[in-house]
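A quick write-up on the structure given underneath.
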Amino acid sequence: MAMAVAVAVARVWRPSRGLGRTGLPLLRLLGARGLARFHPHRWQQQQHFSSLDDKPQFPGASAEFIDKLEFIQPNVISGIPIYRVMDRQGQIINPSEDPHLPQEKVLKFYKSMTLLNTMDRILYESQRQGRISFYMTNYGEEGTHVGSAAALDDTDLVFGQYREAGVLMYRDYPLELFMAQCYGNVSDLGKGRQMPVHYGCRERHFVTISSPLATQIPQAVGAAYAAKRANANRVVICYFGEGAASEGDAHAGFNFAATLECPIIFFCRNNGYAISTPTSEQYRGDGIAARGPGYGILSIRVDGNDVFAVYNATKEARRRAVAENQPFLIEAMTYRIGHHSTSDDSSAYRSVDEVNYWDKQDHPISRLRHHLQSRGWWDDEQEKAWRKQSRKKVMEAFEQAERKLKPNPSLIFSDVYQEMPAQLRKQQESLARHLQTYGEHYPLDHFEK
């Protein structure tokens, strides 16, 4: 009888809940003294453990007890090394790390990086001349784009921030569509609704870019979780800068990816500045790679100006992410040579000498060109011819985009609802009446009818 009562009490007595509604009447029935005699945990208290057997049983962490008061230092994970394959002269440092890529593929690396650079220069000047409203260059970060893109499968899903045009470039996104998006003309896949450089392409599995920082990170984790559940043999890669890693969405995304065991690669371009804020004012820890272990994420830091190092790290992360269903964090150390955007003047917060150092001494394009020349795969004549050819291709696409009309203004109301709500229909009718009355004051001849 006594044992039965004890069992009954044990069932209703939960450490996290107390006795609850069921336990209180039972306590009154037995009385405190009787209950103590049959306490369900009494037998545990009577057992004795040696200090060696006294292991922590807390469910929240794996650790050992210590008997000395000591706080963990912030640099407990510090000085994470930077993985590289090539030195600054383009020479392979460790032959065992050479990816042994065919000449054709390495030349595609180089041509994608240099074509992106040429497009950047022309569109930057276009904005300065008032031809487009906004632009962001990729100067100095071309190696992070192309090296990572080349290591992915064509069907792997890409969530970019706003400085990953080279990923699309490597996936053979046409120059005409780059230009159409920046000009917002009738050929723009987004129908002129986005700011310039906010690219997207369903056929190339590149999710449309959004302006707010880090919103793509938890979204990418959700997509990776869906791929895992579908057993799709597919990885999601999510790009962001070290500035975006300070957003709450980044921390939420890291934790979800780790706990849900998602096949995702978090690719952080640490380019030294979050607009005008240097890394010294952004964080006190050892960069972004040091955060990965705290979430249970395998992490690596690579030389982002070494396209082969980026390729190797992304290739291995992709293989393991799919095979093991777990996230990876790659921190690519690089430098933003250009201004943050055409709205920024970086001379206000950094010196010309600093920028020139990275542009002249440690540029990813120069490093790869040195490598190609040392292998006899490229020479000065080819360089001269390619520069001329690439500029011609960009200028042709540029001129074509400038001649095209803007999308019909009525498209601002479409593609949101399957059936347009009454309120939105009223707005559309109001705009039509306004343009009918005052149309002469608008450049309607620049828009598609």
Inset, instruction - Only bridges with both residues in the chain count here: give the DSSP antiparallel percent, nearest 5. - result: 15
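Leaving out ligands and nucleic acids, note down the accessible area per residue over the chain with a 1.4 angstrom probe, in whole Å². Write out the running numbers ahead of the final one.
Details: 24870 Å² over 449 residues.
Result: 55 Å² per residue.
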Inset, instruction - Please give every one of the lysines within straight-line cross-link reach of Lys55, meaning a C-alpha to C-alpha distance under 17 Å, and leave out same-chain neighbours fewer than 8 residues apart. - result: Lys68
Inset, instruction - For region 89-102, just list the computed ³J(HN,Hα) in residue order, Karplus coefficients 6.51, -1.76 and 1.60, θ = phi - 60°, integers in Hz, with x standing in for Gly and Pro. - result: 8, x, 8, 5, 7, 10, x, 5, 9, 5, x, 6, 7, x
Legend entry - In degrees, nearest ten, helix 103-128 long axis to first principal axis of the chain (Cα): 70
Legend entry - Helix axis angle, 364-374 relative to the chain longest principal axis, alpha carbon, degrees: 70
Legend entry - Loop trypsin sites (Lys or Arg not before Pro), region 331-369, which have at most 15 other Cβ atoms in a 10 Å radius of their Cβ (DSSP): Arg350
Legend entry - Mean ellipticity per residue at 222 nm, deg cm²/dmol - from DSSP H runs of n ≥ 4 across the chain, formula -39500 (n - 2.57): -13500 deg cm²/dmol
Legend entry - Listed residues Leu435, Leu405, Leu372, most fluctuating in the chain (Gaussian network, C-alpha, under 10 Å): Leu435
Inset, instruction - Starting from the Cα of Glu281, step 7 Å along the direction of its Cβ; do the same at Glu419; then give the gap between the two resulting points in nm. - result: 5.4
Legend entry - Efficiency of FRET from Cβ geometry, Val352 and Met395, R₀ 25 Å, rounded to 0.05: 0.30
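State the percentage of accessible surface on region 348-414 attributable to carbon and sulfur atoms; use a 1.4 Å probe and exclude ligands, DNA and RNA.
For region 348-414, the apolar C and S fraction of the accessible surface comes to 49 percent.
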Legend entry - Segment Arg128-Gln89, length gained on full extension (0.36 nm per residue, minus Cα span): 10.6 nm
Legend entry - Contour minus Cα-Cα distance for Lys426 and His446 (0.36 nm per residue): 4.7 nm
Inset, instruction - Take the Cβ-Cβ distance between Thr259 and Thr437 as r, set R0 to 60 Å, and report the resulting FRET efficiency rounded to the nearest 0.05. - result: 0.55
Legend entry - Cβ-based net charge around Ile82, under 11 Å, with every Lys or Arg adding one and every Asp or Glu removing one: -1
Legend entry - Straight-distance crosslink candidates among lysines, where the alpha carbon sits under 19 Å from Lys449 and sequence neighbours closer than 8 are dropped: Lys191, Lys404, Lys406
Inset, instruction - Starting from region 372-420, pick out the GluC sites (Glu not before Pro) whose DSSP state is loop and whose Cβ has at most 15 other Cβ atoms within 10 Å. - result: Glu419
Inset, instruction - May I ask you to list the aspartates and glutamates whose Cα is less than 16 Å away from that of Lys393, ignoring any residue fewer than eight positions away on the same chain? - result: Asp120, Asp172, Glu176, Glu383, Glu402
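Given the Cα-Cα distance of Ile412 and Asn75 and 0.36 nm per residue of separation, how much length would full extension add, in nm?
Here the segment from Ile412 to Asn75 would lengthen by 116.2 nm.
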Legend entry - Protection-proxy order for peptides 148-159, 222-233, each taking the mean of Cβ atoms within 10 Å per residue, highest first: 148-159, 222-233
Legend entry - Inter-probe distance in nm under a simple model that places probes 7 Å from Cα toward Cβ, at Asp359 and Asp154: 3.7
Legend entry - Accessible-area composition of region 120-259, carbon plus sulfur, in percent [1.4 Å probe]: 48
Inset, instruction - Note the angle between two axes, namely the Cα long axis of helix 380-403 and the longest principal axis of the Cα atoms of the chain, as a number of degrees from 0 to 90, rounded to the nearest 10. - result: 90
Inset, instruction - With label points built 7 Å along Cα→Cβ from the Cα atoms of Arg375 and Arg229, find their separation and express it in nm. - result: 4.3
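The values are calculated or read from the model by the stated rules, or taken from the named source; none is laboratory data. Computed from a predicted structure; not experimentally measured. Because the Cβ atoms are built from the backbone with ideal geometry, glycine has one as well, and the counts that use them run over all protein chains shown. Protein only, heavy atoms only, side chains kept; ligands, DNA and RNA dropped before computing areas. Shrake-Rupley method; radii C 1.70, N 1.55, O 1.52, S 1.80 Å.
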